[in-house]
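In what follows, a single structure is set out as structure tokens and then discussed.
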Ligand code: SF4
């Protein structure tokens, strides 16, 4: 790396990967490398890091790093180009597509790992410079069902409406479809401390994961049936007289319909659907209802379903009926996955949203943001396609795409189809740090800076806004995403409004978010540096009625007095069990579920470049039960083909009794023959537009 500060003082910052956003110190060494050391002042991880965070600097110095723009030549290969040529070609192609096919033929695809400043600027760029409605991001594939269910129930979505530090002090936690032991290992201490303090942990997962091994009770439902499981528990809550009638009366609405729906889900019926026995259901209800306080935390398991919003809604119903939401040490929360999965959905890169978590269809929101942006509100486009629908429309409705911070060739459902759609585009530009599988298809690749080479803010799974600091300079030839958008805006005739300094962008973001649900107006870089993080909403003093100009403290805990609905009451959702979009049949008799392993992250674009992580997790595998393996004549390590209606993937068998006999599991971090997302089903949730990553029907075959 070049341009490194002449100092060995550690820079306190945060990990580039998951939503826990662990604190770490970075120190540049004389040989150009960067050392990671413990940062004990950040309370979430208190210095602990998983292997991904510890080895993150390896990606900064990776030989795979791009240090020059690349342009596709007449011969079809990617060749180095100057920044002027590359930006000129991107701007020229975007302008040509718009002139020939209209603004909505331009697509923009962002990512949940982008800083708040980048997500904000990307949304503004799409709507103000390109004038397109066609912008969405990969966070749609992450937690959008939890967000939709949270808004429906509470009037507001903040992943965790309470800080992680509340977990050890509650009485019982139900973790649904979440495996923090692998996805965010330093967070496991919260659950260990919970148990040390006398609390109980229930894990709902079709696999006996490392997290499930630590649980007091592990429920292993058939994939796609946890909605029924939650309803079965609610049925028992009612039948056993455990409803908190006073709370339901005072703080909720819609109970009668939700109660009626749950009463149709007899425990024996739920046992038949889920495979979870009635005694197990009763035990779960007893454990959840016994203490004064309890929580339900969901992750991708219940969320990545074509009924994800209702599945999360069913778990929220359980919390509401037992008086667990909006009370100290109790509630429902979502453990967001991507680094800025929370902030990434708040600042306008989502198809239906404006900064501050405002709705794009709300006239007052449009007026407010348009004023900050200095444009006519009527010039702002309306909502566009959701992420999978956008990718599916490439080459037809959408002719040119600008993609930043995502690798859908590996991470999108029905990935072979998405890859084919990307290839059919008139023009594709990708900003990335390495030549990802998606960047390799591009007409222009723009090499950009990484976490440690730039400043910016991230919003963690707790809703805590954090400052990631620049610790080193970027390599020669690399520019920041903000510089890319500034350069493109200028070439497309918009000279102002696209600053390249993150703090300047944040100052504008503060104004754009002021008065919105996710209000950041009382937060600035100085404060973040001083306090180590601030929970939103945090209005500026002038917006805090009666505060007399005092600094707003931020809001670690939401909903304690009222929910964010018009009448302050939480809403039950009258939901019922329904089958997954694809149920097993004779041709495809087994269920596939997908997920992560501890040593890789998302599409692996970064972590697959780290030797230590590759040694720990070198490639994909198919986890299957010994009974299924015996039926197929497959032994540990034998190649196994998994075939769905979308394609075929091959990977070595990993035989374990820790998975249901009717289910196989594949991690999704790898491209090529073992790409799990070749198989996954893009059936969408009608509300959140989340694809059904977590369950589809497959056939499993031994490979000769
Ligand atoms: Fe980074 Fe997440 Fe690991 Fe923490 S748990 S070090 S944030 S990847």
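Determine, for 388, 357, 332, the number of other Cβ atoms within 10 Å of each Cβ, and report the residues in order from fewest to most.
Going from sparsest to densest Cβ surroundings: 388, 357, 332.
Please report, in cubic angstrom per residue, the volume enclosed by the convex hull of the alpha-carbon atoms of the chain.
Taking the convex hull of the Cα positions in the chain, it is 150 Å³ per residue.
Any chance you could tell me what percent of the C-alpha pair distances in the stretch 144-334 go past 29 Å?
So the pairs more than 29 Å apart make up 11 percent of the total in the stretch 144-334.
Given 20 °C and 1.002 mPa s, compute D for the stretch 281-349 with the Stokes-Einstein relation, Rh being the Kirkwood radius over Cα pairs; round to the nearest whole µm²/s.
The Stokes-Einstein estimate is 160 µm²/s.
How many Å³ per residue does the convex hull of the Cα positions in the stretch 454-558 occupy?
Once divided by residue count, the hull of the stretch 454-558 is 122 Å³.
Can you work out the FRET efficiency for the pair residue 84 and residue 165, with r the C-beta to C-beta distance and R0 = 60 Å, to the nearest 0.05?
0.75
Run the simple label-point estimate for residue 371 and residue 31 please: 7 Å along Cα→C-beta, distance reported in nm.
5.7
Taking R0 as 41 Å, what's the FRET efficiency between residue 361 and residue 269 from their Cβ-Cβ distance, rounded to 0.05?
About 0.55, to the nearest 0.05.
Can you sort 205, 392, 84 from fewest to most other Cβ atoms within 10 Å of each residue's own Cβ?
Least crowded to most crowded, the residues run 84, 392, 205.
How far, in nm, would the chain grow between residue 282 and residue 702 when pulled straight, counting 0.36 nm per residue and subtracting the alpha carbon separation?
147.2 nm
What value in Å³ per residue do you get for the convex hull of the alpha-carbon atoms in the stretch 434-475?
Looking at the stretch 434-475, the number lands at 94 Å³ per residue.
Cα-based Rg (one decimal) and Dmax (whole number) for the stretch 1-159, in Å?
For the stretch 1-159, the Cα radius of gyration and maximum Cα-Cα distance read 20.5, 56 Å.
Can you give the Rg/Rh ratio of the stretch 337-437, where Rg is from the C-alpha atoms and Rh is the Kirkwood radius?
Using Cα coordinates only, the ratio equals 1.01.
Compute the Rg/Rh shape ratio of the stretch 11-60: radius of gyration over Kirkwood radius, all on alpha-carbon atoms.
Here the Rg-to-Rh quotient is 0.95.
Could you please rank 273, 174, placing first whichever residue has the fewest other Cβ atoms within 10 Å of its Cβ?
Going from least to most buried by this count: 273, 174.
Just to confirm my numbers, what's the Cα centroid distance between the stretch 376-428 and the stretch 344-367 in Å?
About 20 Å separates the Cα centre of the stretch 376-428 from the one of the stretch 344-367.
Please compute, for the alpha-carbon atoms of the stretch 539-698, the extent along each of the three principal axes and give them in descending order in Å.
Each principal axis gives a Cα extent; for the stretch 539-698 these are 73, 45, 27 Å.
Could you calculate the contour length gain from residue 95 to residue 576, that is, 0.36 nm times the residue separation minus the distance between their Cα atoms, to one decimal place in nm?
168.4 nm
Read the figures in this text as sums done on the coordinates, not as results from a lab. Computed from a prediction, not measured in an experiment: that's the story for all the values here. In this analysis, Cβ positions are derived from the backbone assuming ideal geometry, glycine residues included, and neighbour counts consider all displayed protein chains.
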